[in-house]
1. Near Lys331, which aspartates and glutamates are there with a Cα under 19 Å away, not counting those fewer than 8 places off in the same chain?
2. Above 26 angstrom, tally the Cα pairs of the chain and express them as a % of all pairs, no decimals.
3. Report the Cα centroid-to-centroid distance between segment 157-218 and segment 1-71 in angstrom, as an integer.
4. Taking amide H positions as placed 1.01 Å from N in the peptide plane, with prolines and chain starts having none, which residues 5 or more places from Ile153, or on another chain, fall under 5 Å of its amide H?
5. Give me the Å³ per residue figure for the convex hull around the C-alpha atoms of segment 212-343.
6. Write down the percent of antiparallel bridges among all DSSP beta bridges whose residues are both part of segment 77-149, to the nearest 5.
7. Mind putting a number on the dipole of segment 109-205 about its Cα centre? Charges go on the C-beta only, +1 for Lys and Arg and -1 for Asp and Glu, and I need it in Debye to the nearest 20.
8. Within a Cβ distance under 12 Å of Glu149, other residues only, what is the Lys/Arg minus Asp/Glu net charge?
Amino acid sequence: MNVMKLQAKSGSTKVIFSDFERFLSTIRGRAKVLLVTDENVLWIYGDKMNDLDMIVIEAGESAKTLRSVERIYEYLLEYSVDRSSMIVGVGGGAVSDVTGFAASTFMRGIPFGFAPTTLLAQVDASIGGKNGVNFRGFKNMIGTVRQPEFCLIDFSFLKTLPSDQLMSGMAEVIKCGVILNNKLFEYLEENHSPILSLDDQSLAYAVSETISAKISVVGKDETDNGERMKLNFGHTVGHAIEKVSGLPHGHSIAIGMVAESRLAARKGFLPIAEVLRIEELLKAIGLPTRSGTSSTDVLEAISKDKKSSGDSINIALPEKIGNGIIYKIKKQELKYAVQEVCK
Ligand code: GLY
């Protein structure tokens, strides 16, 4: 069993690479362990865990509401859950976001952990302590930063993932390569086929390198005021595309990465040859690099983003593959970047 440790100011997380069934057997005897999962995960893995106390929320982003959090609170009250209890979110990013938020606010915080079942959740959503829900159409508008006690990574969950969800998660892996880890990027260029065929060794390398890069960033800047902002590469444009088009998160981020790489090239940071390498890798994974969405609508959505205020915006741009910088740009400059990838 391989373990990595994330040490942040508010707490630490053990990232444990192990087997979900073995993990369940270790929590079975424990008092008041409550699982939070969604309908899809229950459908596939219910037989492994339905002897445990469980609350089931709806599947997907639509579950990221205060109403879901309230339902979890109601259940916690009903089961007399207290600070000696443990809540475990078993599912994708929406499950970890909602579970982490409910656990970190109930009684001002009770212990929680995650067993992420999607690639996106394994490499991003479940690591780093950002928990929260959407509000009035704004993504992750209400939330906390509080670290889970553990995160159980079982690669075998990925074997049941629909291919579009695997690709969506790969966008976050590629992001990490572009902005933090050149070696990972080169590995992905050479090994995208075995990864997509779910070859154990290649998948394990890509996932653990991505997690390790994120652990190191969050360890330096848990609250997203400096280094962690680099993880937002592709997301300024990508979140807006996601909101306007309804494309999956990773697919939108892929297009956002192209727009923001092209902006980096326009500013003279990133050679155009590197932009083309990024686009080639995204295409090789099966991710889109352009969107049929209206650039006017996307720019409007960017201006309403919670991270956006005034005329300027901080954005993560690659200065070369494997190294990102945070740069303040005029919002106006995003117009050209968006127009390069949207209609
Ligand atoms: N998903 C970006 C972050 O955790 O900061």
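Just so you know, all these numbers are worked out from the coordinates, no wet-lab data involved. Because the structure is predicted, anything quoted here is derived from the model rather than measured. Note that each Cβ is placed from the backbone with ideal geometry, even for glycine, and that neighbours are counted across all protein chains shown.
1. Glu242, Glu260, Asp297, Glu300, Asp305, Asp311, Glu340
2. Working: 27102 of 58653 pairs.
It works out to 46 percent of all Cα pairs.
3. Value for the Cα centre distance between the two parts: 22 Å.
4. Ile16, Phe17, Ser18
5. Here the figure is 104 Å³ per residue.
6. 50 percent
7. Approximately 580 debye in magnitude.
8. My count for the surroundings of Glu149 gives +3.
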